[in-house]
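Coordinate-derived values only; no laboratory data. Source: prediction; values computed, not measured. FYI the Cβ positions are ideal-geometry reconstructions off the backbone, even for glycines, and counts take in every protein chain you see.
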Amino acid sequence: MEIHTKRLLLQKYNASDFEAFCDIVCSDEVMLNISGKGNSIEVAKEKFEWVLNTNQENQYYGLYKVLLLETNKVIGFAKITPFEEDCYEIGYALLPPFWRKGFTAEMINSLTNRCIEYLSDKKIMAIVNVENTASLKALEKCNYTVYEETEFKGASCYLLEFKN
């Protein structure tokens, strides 16, 4: 299922999207606050197989390429995935030329709305590196609040929950 916003189209990744996926997840700049550095091609291939399997198995959540409607070019990725029992995580990343243009809030709102529509009995949350103040501010503007500071995958992070 696609997710439409004013300026973006979120489409689940399919087998022909590896190059676009790799442009994002292999970028050191994009992945700095997600995993500390970009992934190798080998790791990206493994992750992409998981992405394709997740997308095939699930109708209402998964991993999406983010296209700019104006150009139909991939500018990032977004996700809705199970995190814990009764909880779904939203996540996102954009290529640097698209930072600070309001796209992050647009993605957050669209992912949150998808969760509310199809996964309404579940908590909606996000994980943000404590150094990623731009993402933290975007989430807070979209009604997410910090409920815990913790370590996740070796980095200090905030766990945020959507408050309707």
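So, with +1 on the Cβ of K and R and -1 on the Cβ of D and E, and no other charges, what is the size of the charge dipole of the chain about its Cα centre, to the nearest 20 debye?
So the dipole magnitude of the chain works out to roughly 620 debye.
Pick out, from 5, 144, 119, the residue whose Cα sits farthest towards the positive end of the charge dipole of the chain, with +1 on the Cβ of Lys and Arg and -1 on the Cβ of Asp and Glu.
The residue sitting most towards the positive pole is 5.
For residue 45 paired with residue 131, estimate the spin-label separation in nm (one decimal), with each label point 7 Å from Cα along the Cα-to-Cβ line.
3.0 nm
In whole Hz and in residue order, list the ³J(HN,Hα) couplings for segment 88-98 that follow from phi through the Karplus curve 6.51 cos²θ - 1.76 cosθ + 1.60, θ = phi - 60°; x for Gly and Pro.
Computed from phi, the couplings for segment 88-98 are 10, 9, 9, x, 6, 7, 10, 5, x, x, 10 Hz.
Projected onto the charge dipole of the chain (+1 at Lys/Arg Cβ, -1 at Asp/Glu Cβ, origin at the Cα centre), which of 75, 15, 54 gives the Cα projection farthest towards the positive end?
Of the candidates, 75 comes out farthest on the positive side.
Within 10 Å of each candidate Cβ there may be at most 10 other Cβ atoms; applying that plus a DSSP loop requirement, which GluC sites (Glu not before Pro) in segment 45-78 survive?
70
Whole-Hz Karplus ³J(HN,Hα) for segment 58-63, in order, using 6.51 cos²θ - 1.76 cosθ + 1.60 and θ = phi - 60°, x for Gly and Pro?
For segment 58-63, the Karplus-derived couplings read 10, 7, 9, 9, x, 10 Hz, x marking Gly and Pro.
List the residues, sorted by chain then number, that are 5 or more residues from residue 75 or on another chain and whose placed amide H is less than 5 Å from its amide H.
Long-range HN contacts for residue 75: 66, 67, 68.
Below 8 Å, C-alpha to C-alpha, sequence gap of six or more: please give me the relative contact order for the chain in percent.
With pairs under 8 Å counted, the relative contact order is 18 percent.
If amide hydrogens are placed 1.01 Å from N in the peptide plane, which non-local residues have theirs closer than 5 Å to the one on residue 88?
When sequence neighbours closer than 5 places are left aside, the close amide H contacts are 83, 123, 124, 125.
Under the Karplus relation 6.51 cos²θ - 1.76 cosθ + 1.60, θ = phi - 60°, what is the ordered set of whole-Hz ³J(HN,Hα) values for segment 21-33, x standing for Gly and Pro?
Calculated HN-Hα couplings, in order: 4, 5, 4, 8, 6, 9, 7, 4, 5, 5, 8, 3, 8 Hz.
So, by mean Cβ neighbours within 10 angstrom, what's the order for 105-113, 136-144 with the highest one leading?
105-113, 136-144
How many angstrom lie between the C-alpha centres of segment 109-164 and segment 15-61?
Taking the Cα centre of each part, segment 109-164 and segment 15-61 sit 20 Å apart.
Kirkwood Rh over Cα pairs of segment 27-152 into Stokes-Einstein at 37 °C, 0.692 mPa s: D in µm²/s?
213 µm²/s
Taking K and R as +1 and D and E as -1, what net charge do the other residues with C-beta under 13 Å from the C-beta of residue 68 add up to?
Taking every other residue near residue 68 into account, the sum is +3.
Select from segment 1-100 those trypsin sites (Lys or Arg not before Pro) which occupy a DSSP coil region and have at most 11 other Cβ atoms within 10 Å, ordered by residue number.
6, 100
Please find the FRET efficiency linking residue 161 to residue 58, where r is the Cβ-Cβ separation and R0 is fixed at 25 Å, and quote it to the nearest 0.05.
Efficiency at R0 = 25 Å is approximately 0.70.
In terms of modelled amide H atoms, which long-range or inter-chain residues lie less than 5 Å from the amide H of residue 39?
26, 27
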